[in-house]
Amino acid sequence: MQKSNCTVKFFLNERVNVPLKGSPIYCRITMRRKKAEFATDEFCQPKKWDNKNGAPLVRSNRIKEYLNFIESKIFEIKRELEYQNKNISAKILKAKYKDQSSGKKITFLDHMDLFIEHISQLKEDYGKSRISKYKTTRRYFTNFLESINSKTIMIQDYDLEKIQAFDMYLATNIVDARTQKLIGRNTINNHHKLLKVVLNAAVKKEILSISPYSNFKLKDIKTNREFLTKDELIAFNKVELANNERFDRVRDIFLFSCYTGLRFNDAQNLRSDNISIDSDNNHWLTFEQAKTKQMVRLPLLKPAIEIYNKYEHLRKSTKKIIPKISNQKFNDYIKVVAGLAGVTKNISHHIARHTFATTVTLSNDVPLEVVSNMLGHKDLKTTQIYAKITDENKVKQIDRLNSFI
């Protein structure tokens, strides 16, 4: 209306008809082909509505004046955001309008949309993976509302009872795409933790006086983190895959992380300029972790250097250190490689990181503090999760003691 990149229109939701009132009038904001809609809390009889102009047929009445007010208010908010050089979208304009028009009242989903839009601009603090997790939690929450026949809920109405209901919904309805089983307690807790962050933001904005999660305690279940033993790691190295280039590359991607401790995305993002070679021919890997934004400087072990050298011909065109592949395809193929190697564990890429921490470093007496630095952990307690005492290490320590006795 006022600018080509943003339009505000009103329409009747004729699927709903309230006796004596008619159908509810909705407002639709469109910006850069993205739409956001909300109910105006006004009604009009369909026969008295002008679909073409999106307004009542009556030339001048209270409803028409109110709709004009809504439109002008939305563009006023847009101009203010432009002046402040802030991010603008249809969802943001909708949420800002509803926030201003109802005091501190705002729907849960509108607040979450604003929160996601905000963190999407903080690329130094929030990576794509982190933002994707918030969007997944939002999707689950939307499905939860539908399951209780509610299209929306005010943020002030998300109380302990609703938290418990959402918790039960997650536990009985959400299936893990990888295992095809219902998600576990720790995964459920992760969704709650994200919502806690969203609600804490509402407290800071004084939309809420206290977070409803203050009375809801999360208890993670301790899990055993799988890793490859020394023999299983040798089996992965020795399995013959020369006749299948795809499986051979997947095995190399996996082993590269077994010998460096890198997460999947970090390994995939490595480029030629992340590797440097010093005067003693030591290969150094320097990069910023996508998850923590922590800088890591790591000397490469010989097996990792061999994999690095193996793909020199690819680097000339792709500039990538290891072959490119999607996480989903990798995890599908690595299970086949594991079967060929005679490894019966349920293998995924993250087991490579556990293997580096446990079998490659800690079991070979690398100090915990050094391993923590290699993994890019900010807190030593995080590394202690990986500090498994393997059978091989037990025997090594007994042999050491026997030499003193």
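The table for this structure:
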{"quantity": "Selection within the range 50-97 - over 34 Å from the mean Cα position of the chain (by Cα), surrounded by fewer than 16 Cβ atoms within 10 Å (Cβ to Cβ) and in a helix (DSSP H, G or I)", "calculated": "Arg62, Glu65, Tyr66, Asn68, Phe69, Ser72"}
{"quantity": "Hey, Asp159 acidic (Asp, Glu) and at pLDDT 90 or above or not", "calculated": "no"}
{"quantity": "Selection within the range 379-398 - at pLDDT 75 or above, hydrophobic (A, V, I, L, M, F, W, C) and within 36 Å of the chain's Cα centre (by Cα)", "calculated": "Leu380"}
{"quantity": "Yes/no for Thr344 being hydroxyl-bearing (Ser, Thr, Tyr) and surrounded by 12 or more Cβ atoms within 10 Å (Cβ to Cβ)", "calculated": "no"}
{"quantity": "The range 250-288, residues that are touching a Pro at 6+ places or on another chain (Cβ under 8 Å) and among the aromatic types (Phe, Trp, Tyr)", "calculated": "Tyr259, Trp284"}
{"quantity": "Positions within the range 363-380 being assigned to a helix (DSSP H, G or I) and within 19 Å of Arg400 (Cβ to Cβ), in sequence order", "calculated": "Ser363, Asn364, Leu368"}
{"quantity": "Residue match in the range 380-390 (condition: aromatic (Phe, Trp, Tyr) and over 15 Å from Phe236 (Cβ atoms))", "calculated": "yes"}
{"quantity": "Contacts under 7 angstrom Cβ, first residue in the range 290-301 being of a type in the set (Phe, Trp, Tyr), partner modelled with pLDDT under 85, 6 or more apart", "calculated": "none"}
{"quantity": "Leading residue by the ranking (modelled with the highest pLDDT) among those in the range 297-308 that are touching a strand residue (DSSP E or B) at 6+ places or on another chain (Cβ under 6 Å) and within 20 Å of Asn265 (Cβ to Cβ)", "calculated": "Leu300"}
{"quantity": "Test: residue in the range 115-134 that is touching an Asp or Glu at 6+ places or on another chain (Cβ under 9 Å), buried (at least 16 other Cβ atoms within 10 Å of the Cβ) and of a type outside the set (D, E, K, R)", "calculated": "yes"}
{"quantity": "Answer from Leu362, Leu375 - the residue that is at pLDDT below 90, under 27 Å from Val239 (Cα atoms), out of contact with any Pro (no Cβ under 8 Å at 6 or more places or on another chain) and surrounded by 17 or more Cβ atoms within 10 Å (Cβ to Cβ)", "calculated": "Leu362"}
{"quantity": "In the range 176-204, residue modelled with the highest pLDDT [restricted to those that are surrounded by fewer than 17 Cβ atoms within 10 Å (Cβ to Cβ) and among the β-branched types (Val, Ile, Thr)]", "calculated": "Val197"}
{"quantity": "Test: residue in the range 232-248 that is surrounded by 17 or more Cβ atoms within 10 Å (Cβ to Cβ), of a type outside the set (Val, Ile, Thr), in a loop (DSSP other than H, G, I, E, B) and free of Cβ contacts under 8 Å to residues at least 24 places away in the same chain", "calculated": "no"}
{"quantity": "Which numbered condition Asn327 fails, given (1) closer than 20 Å to Phe227 by Cβ; (2) free of Cβ contacts under 8 Å to residues at least 60 places away in the same chain; (3) exposed (fewer than 15 other Cβ atoms within 10 Å of the Cβ)", "calculated": "(2)"}
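The values are calculated or read from the model by the stated rules, or taken from the named source; none is laboratory data. What you see is a predicted model, and the numbers here were worked out from it, not measured in a lab. Note that we place each Cβ from the backbone using ideal geometry, even for glycine, and neighbour counts take in every protein chain shown.
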